[in-house]
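Read-outs: derived from the displayed coordinates by stated rules, not from any lab. Quick caveat: nothing in here was measured; it's all calculated off a predicted structure. Positions of Cβ are generated from backbone atoms using ideal geometry, with glycine treated the same way; all protein chains shown enter the neighbour counts.
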């Protein structure tokens, strides 16, 4: 669906079609990778989240949900974030797999004995190659203008999918935990 003189409704329809396509492809191709991600998250002493720009915002939402589930989570860059060590996991997102701060953080994490989960469109990138588990998101990179993969601006589909994958991982782990919504509700912020 091409957007020409579009309305908000047309844009929403485009987003729904594009995200549905990516989700269908991930469902066909990545269930084994998702199982590996869940195993790493379940075994981690702490989980650190890092992304740049909108990908980073999507991962902050994921970090919040995992905190609700009882995982020990940290957002890289916050003043209370401790050092990463062995036994920890760094969960990152970079469409290109070349974002400098993310590649450097993954390199540091691995050097400290931590494991790295990467969401990227580029599995052969430096980040994809070094990650313990790489989940390939079949979406356009932010500089891939006019891509057949997405008509959205600057990586929008990757960022939306990052948030959806994070929520799907949380939802799966929550259902597997046997905890009810009432059980995890006390972890929600109460200083609002």
Value at 222 nm in deg cm²/dmol, rounded to 500, when DSSP H runs of n ≥ 4 in the chain each add -39,500 (n - 2.57): -15500 deg cm²/dmol
Base-10 log of normalised Debye intensity for region 98-192 (one unit scatterer per alpha-carbon) at q = 0.14, 0.24 Å⁻¹: -0.71, -1.14
For region 1-79 versus region 152-191, the gap between their alpha-carbon centres in whole angstrom: 8 Å
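Which order do 91, 34 fall in if you start with the one that has the fewest other Cβ atoms within 10 Å? Write out the running numbers ahead of the final one.
Details: 91 28, 34 17.
Fewest-to-most Cβ neighbours within 10 Å comes out as 34, 91.
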Cα→Cβ-extended label distance, 7 Å offset, between residue 15 and residue 130, nm: 3.3 nm
Using alpha-carbon coordinates, inclination of helix 8-29 to the longest axis of the chain, degrees: 60 degrees
Scattering profile of region 1-125 at q = 0.09, 0.10, 0.14, 0.20 Å⁻¹ [log10 I(q)/I(0), Debye over alpha-carbon scatterers]: -0.31, -0.38, -0.69, -1.19
By average C-beta atoms within 10 angstrom, highest first, the peptides 176-187, 22-33: 22-33, 176-187
Degrees separating the helix 31-43 axis from the principal Cα axis of the chain, which is the longest one: 30 degrees
Projected-area mean, region 78-123, by convex hull of Cα positions, square nanometres: 3.3 nm²
Sorted by Cβ density within 10 Å, fewest first, the residues 169, 59, 40, 12: 12, 40, 169, 59
Cα long-axis angle, helix 100-111 against the chain (0 to 90 degrees, to the nearest 10): 30 degrees
In nm, spacing of pseudo-spin labels at residue 27 and residue 167 (7 Å Cα→C-beta vector): 1.5 nm
